[in-house]
Amino acid sequence: MTKAPLRFTLGKQSSLAPERWEDELKKVDGEEENNLSAEDIDPRVRLMYLANEGDLEGIKELLDSGIDVNFRDIDDRTALHIAACQGFTEVVRLLLENGAEVDPKDRWGSSPLGDAIHYKNHDVIKLLEKHGAEPLMAPMHVKNSREVPEYEIDPKELDFTDSVEISAKGTFQLASWSGIQVAVKKFGEEVFSDEDKVRAFRDELALLQQIRHPNVVQFLGAVTQSSPMMIVMEYLPKGDLRAFLDKKGPLKPTTALKFAMDIARGMNYLHENKPGPIIHRDLEPSNILRDDSGHLKVADFGVSKLLKFSKRVKEDRPLSCQDTACRYIAPEVFKNEEYDTKVDVFSFALILQEMIEGHPPFSAKQDTEVAKSYAEKERPPFGAPAKFYAHGLKELIQDCWNEKPTNRPTFKQIIPRLESIYKKFGHRRHWKVRPLRCFQNLESMWKKENSGLSARSRSSRSNSNC
């Protein structure tokens, strides 16, 4: 391996180089392109130039002439770094076959694998891994074993044999762990080079460790010390509410109210969390799961917010319908305004109405149109018979999707209202049955009494004959 005070400045740069460095190199690029011809370039740097251009024949010619395949410029970059950045799989293969080191680190600590991951060159990633490239160190990796989190799971204990996706969004996979089935959320290697995604992973873990409630999916552990990073949750084989509603259609009011109480209790727990409320912010049917007993549990806290230092929060950037489920998001979120826990109440109202109606809100409209409808103060119509919204159920839904967040009730207020409405629906149903049971009991008593009278009558006649 040789190294010289030469610098290759063209093309994509190291994934770990600071942005200001790239700006400086762009200026140098322009000057060099004006002043140099291909013959003027040092043959060793020309190898990097050809790797940047994807020139296989030129690279073969240089290597045959004796140029060191592992030549490093002043920044410790190699031709393999360059080819990995550009995504030239065949160039990478050629360099490796000619003895290129698979894991050289440049001055910023980036390897060819790290560069390929950063620029999302998936075929190059696979090829480098096949040739033994070391997986990147997870962003949460710790050097001292005492600092490894208590929840850490050894990835070797997770068996993904015959694994399938188990959520509508495809974010969770089925796996086996310690003799039980679990749901695993994997974070790809592209997370390593995206600070926002790393922060989201840390935030989700911080939230999950705090949550313990019968109506919230249980966090079991995580893989943070190796790649890929993973979050492991309890597995609920009955699937999500989205699939259930698609199959069943409209639910009976009593069933819808039972489900609503499960959701409300789980959400109330999150909103009453100490030291600060947890805003789910993505409450919709595919993020609500069913357990073996038929009860519902709130799940997926990937975009949730913990309100530690303020009562309101705002998104870093405006959301699009590609980011989230438009049909269930409160208008203040899409307007990119500050919001609080009441966004979850808005989503809850839409889910409750959907369970009665049997179809998603504004089902005839496109996602983008639905968001605009909410912002323009439109709400999904009540199409089911009025009796299904009796005893104050319709009024509760309308209160929950009120235009003004401050006028929406809290889940602490919603739960007793749901319980009262449920009792009234149940009471009416029971009275339809009780008269029938009552008549059945009277008929049974009448038959029994008549039977006794007949027996005594026969006995009297027998005695008189004697």
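The values are calculated or read from the model by the stated rules, or taken from the named source; none is laboratory data. Keep in mind that what you see is a predicted model, and the values were worked out from it rather than measured. With ideal geometry, Cβ positions are generated from the backbone for all residues, glycine too; neighbour counts draw on all protein chains shown. For the accessible areas, the whole protein counts, side chains as well, though only heavy atoms, and no ligand, DNA or RNA atoms are used. Shrake-Rupley method; radii C 1.70, N 1.55, O 1.52, S 1.80 Å.
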> Got a number for residues in the range 333-356 being more than 21 Å from the chain's Cα centre (by Cα) and open to solvent by less than 10 Å² (accessible area, probe 1.4 Å)?
Replying inline: 6
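Look at GLN413 and say whether it is open to solvent by 70 Å² or more (accessible area, probe 1.4 Å) and either at pLDDT below 95 or in contact with a helix residue (DSSP H, G or I) (Cβ under 6 Å, 6 or more places away or on another chain) (or both).
Here the answer is no, as GLN413 does not meet what is asked.
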> Of the residues that sit in the range 141-154 and are over 27 Å from HIS81 (Cα atoms) and open to solvent by less than 50 Å² (accessible area, probe 1.4 Å), which one is modelled with the highest pLDDT?
Replying inline: ILE153
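Considering only residues that are in contact (Cβ under 8 Å) with a residue 40 or more places away in the chain and over 11 Å from LEU128 (Cα atoms), look in the range 82-93 and name the one that is most open to solvent (accessible area, probe 1.4 Å). Before you say what the answer is, go through the steps one by one.
Within the range 82-93, the first condition is being in contact (Cβ under 8 Å) with a residue 40 or more places away in the chain, and the residues that meet it are 82-86, 91.
Now restrict to residues that are over 11 Å from LEU128 (Cα atoms): 82-83, 85-86, 91.
Details: ILE82: 5, ALA83: 0, CYS85: 0, GLN86: 50, VAL91: 3 Å².
Only one residue fits best here, namely GLN86.
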>> Against the definition (modelled with pLDDT under 95 and small (Gly, Ala, Ser)), how does ALA384 come out, yes or no?
In response: no
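Looking only at the range 94-140, which residues are open to solvent by 70 Å² or more (accessible area, probe 1.4 Å) and modelled with pLDDT under 85?
Here is the first cut: in the range 94-140, the residues open to solvent by 70 Å² or more (accessible area, probe 1.4 Å) are 97-98, 101, 105, 107, 120, 122-123, 126, 129-131, 134-135, 137.
Result: LYS120, GLU134, PRO135, MET137.
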>> Looking only at the range 39-58, count every residue that is assigned to a helix (DSSP H, G or I), farther than 21 Å from ASP106 by Cβ, open to solvent by 20 Å² or more (accessible area, probe 1.4 Å) and not hydrophobic (A, V, I, L, M, F, W, C) and tell me the total.
In response: 3
>> For the range 166-188, check the following and say yes or no: at least one residue is open to solvent by 80 Å² or more (accessible area, probe 1.4 Å), at pLDDT below 85 and in a loop (DSSP other than H, G, I, E, B).
In response: yes
>> Just to be sure before I move on: is HIS359 in a loop (DSSP other than H, G, I, E, B), open to solvent by 10 Å² or more (accessible area, probe 1.4 Å) and closer than 21 Å to ARG417 by Cα in the structure I sent?
In response: no
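Looking at the range 241-298, which of its residues are assigned to a helix (DSSP H, G or I), open to solvent by 20 Å² or more (accessible area, probe 1.4 Å) and under 14 Å from ILE415 (Cα atoms)? Full working, then the answer.
Looking only at the range 241-298, we keep the residues that are assigned to a helix (DSSP H, G or I), and these are 241-248, 253-271, 285-287.
If we keep only those that are open to solvent by 20 Å² or more (accessible area, probe 1.4 Å) too, we end up with 242-244, 246-248, 254-255, 258, 265, 268-269, 271.
Result: LYS258, ARG265, ASN268, TYR269, HIS271.
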